[in-house]
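Working notes for the structure below.
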Amino acid sequence: MKKYIAEGVGTMLLTLIACGVAVIVGNIITSSLAFGLVIVAAAYSIGNVSGCHINPAVSISMVVAGKMEVKECIKYIISQIIGALFGSLLLALCLGSFKELGANSYGTMLGTTEVNMWIALLVEVILTFIFTTTILGVTDKKENGHVTGIVIGLTLILVHLFGIPFTGTSVNPARSLAPAILQGGNALKQVWVFIVAPCAGAILSGLFYRFVLKEEKKSK
């Protein structure tokens, strides 16, 4: 039970703090840093309890890579979505409004770059693939333990720097679903993109790890 609570709390903090910075400041650099730094903080606080997935895409990639059972993954995802909803609710309370909670978007909603649905899907698949592949690789060796959180956090900053002008950067279905539900409107209509694409990127990274990156254990 502790690991599910940890996943819920971690995802809540990610949604509250990182999405909050994105809404309040609205700057690519600060928003990217916020998401990355929350991950670093979470990795070194709840990582030893749950592994600090706080992202359904990460849990899915772990299943495909053979590092997690499907039943466990489902419980993780439920915990993450519940945590994200609480985070979005807390953000709405802090802001005094449900109008803007950091939901992802593409096309005319973004206001900076005209992006169609297919480009949004492509960008999210690629960025999620990069992010989850990094996690699968860096967590593969115990000797990386002291730098794992930093590497993952920096990678999340990187994908946000590239992705924000296109979609606001999701790579995390829970982080996208929660604010979209509360905001409603176009955010809710478009949210399927930020569920399907990250899941697809996660599956691809899990397959890539299993068939390309995974080191075969030498028989004695």
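We did not get these values from a lab; they are worked out from the coordinates using the rules stated. Every value quoted in this text rests on a predicted model; they were computed, and no experiment measured them. With ideal geometry, Cβ positions are generated from the backbone for all residues, glycine too; neighbour counts draw on all protein chains shown.
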- Fluctuation leader among Ser97, Ser105, Ser31 - the chain, Gaussian network, Cα springs under 10 angstrom: Ser97
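Relative contact order of the chain: what whole-number percent is it, with Cα pairs under 8 angstrom and at least 6 residues apart? If you can, show how the numbers build up before the last one.
Values: 368 pairs, mean separation 66.5, N = 220.
Relative contact order here is 30 percent.
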- Task: Starting from the Cα of Glu72, step 7 Å toward the Cβ, then list every residue of the stretch 37-63 with an amide N under 11 Å from that point.
- Result: 50-51, 62-63
- Task: Could you work out how far the C-alpha centroid of the stretch 48-110 sits from that of the stretch 173-207, in angstrom?
- Result: 9
- Cross-link list Lys2/Lys141; Lys75/Lys189; Lys2/Lys75; Lys75/Lys214: which exceed 18 angstrom alpha carbon to alpha carbon? Lys2/Lys141; Lys75/Lys189; Lys75/Lys214
- What does the charge dipole of the stretch 2-213 about its Cα centre add up to, to the nearest 20 debye, if the Cβ of each Lys and Arg holds +1 and the Cβ of each Asp and Glu holds -1? 360
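Order of 65-76, 177-188 by packing, highest average Cβ count within 10 Å first? Provide the component values of the computation, followed by the final result.
Working: 65-76: 16.2, 177-188: 19.8.
Ranked from most to least packed, the peptides come out as 177-188, 65-76.
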- Query: In degrees between 0 and 90, to the nearest 10, how far off the longest principal axis of the chain does helix 117-138 point, with axes built from Cα atoms?
  - Reply: 40
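Grab the DSSP H runs of the chain that are 4 residues or longer, score each as -39,500 (n - 2.57), total them, divide by all residues and round the 222 nm result to the nearest 500 deg cm²/dmol.
Details: 11 runs with 148 residues, N = 220.
My calculation for the chain gives -21500 deg cm²/dmol from helical runs alone.
Could you tally the net charge around Phe208, taking each other residue with its Cβ under 15 Å from the Cβ of Phe208, Lys/Arg +1 and Asp/Glu -1?
Numbers: positive: Lys67, Arg210, Lys214; negative: Asp140, Glu215.
Within the 15 Å Cβ shell, the charges total +1.
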- Query: By how many nm would the segment from Asn186 to Trp118 lengthen if fully extended, with 0.36 nm per residue of separation less the alpha-carbon distance?
  - Reply: 22.8 nm
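What FRET efficiency comes out for Leu93 versus Leu154 if R0 is 41 angstrom and r is the Cβ-Cβ distance? Round to the nearest 0.05. Numbers along the way, then the final one.
Numbers: r = 31 Å, r/R0 = 0.76.
The value I calculate is 0.85.
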- Percent of Cα-Cα pairs per 10 Å bin, from 0 to the last occupied bin, for the stretch 123-183, please list those. 22, 44, 27, 7, 0
- Message: What are the extents of the Cα atoms of the chain along their three principal axes, in Å, largest first?
- Response: 61, 36, 30
- Item | Shape metrics for the stretch 79-181, restricted to C-alpha atoms - Rg then Dmax, Å | 15.4, 46
